[in-house]
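Let me begin by presenting the structure, written as structure tokens, before commenting on it.
The values are calculated or read from the model by the stated rules, or taken from the named source; none is laboratory data. What you see is a predicted model, and the numbers here were worked out from it, not measured in a lab. FYI the Cβ positions are ideal-geometry reconstructions off the backbone, even for glycines, and counts take in every protein chain you see. Side chains are part of the model used for accessible areas, which takes the heavy atoms of the whole protein and leaves out ligands, DNA and RNA. Shrake-Rupley method; radii C 1.70, N 1.55, O 1.52, S 1.80 Å.
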Amino acid sequence: ARLRPGSRDDAAEILAEGPPYAIGASGLRRHSVFLGEREVVFMFEGPGVEQLVRLLVNDRAASSAFSRWGPFLEGTPSLCREEFYWER
């Protein structure tokens, strides 16, 4: 997702609070967030990850917490799927 100019510190504060859902009970194997000056990338990993993320987005409690991001984002976040992966 693209951040509005000057929103990085606000995004960092939201991230410092941790996920707005019970991450241990989410079914995810791994969740990372990368924060730049003008973008934030949320990475979710686990079996059936697309369904797991869909459930999180559609959960009323979690989705209301996601609305905090609205004032800091430019446009609508996009969903990307893994097309290549390598591991030693």
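Assorted remarks:
- Residue match in segment 78-86 (condition: assigned to a helix (DSSP H, G or I), of a type in the set (Gly, Ala, Ser) and out of contact with any Asp or Glu (no Cβ under 8 Å at 6 or more places or on another chain)): no
- The set of residues in segment 1-23 that are free of Cβ contacts under 8 Å to residues at least 40 places away in the same chain and either touching a Gly at 6+ places or on another chain (Cβ under 9 Å) or open to solvent by 80 Å² or more (accessible area, probe 1.4 Å) (or both) comprises Pro5, Arg8, Asp9, Glu13, Ala16, Glu17.
- For Leu28: the one exception among (1) touching a helix residue (DSSP H, G or I) at 6+ places or on another chain (Cβ under 8 Å); (2) open to solvent by less than 50 Å² (accessible area, probe 1.4 Å); (3) in a helix (DSSP H, G or I): (3)
- Screening Glu37 against (1) within 14 Å of Ala1 (Cα to Cα); (2) part of a loop (DSSP other than H, G, I, E, B); (3) open to solvent by less than 50 Å² (accessible area, probe 1.4 Å) leaves a single unmet condition, (3).
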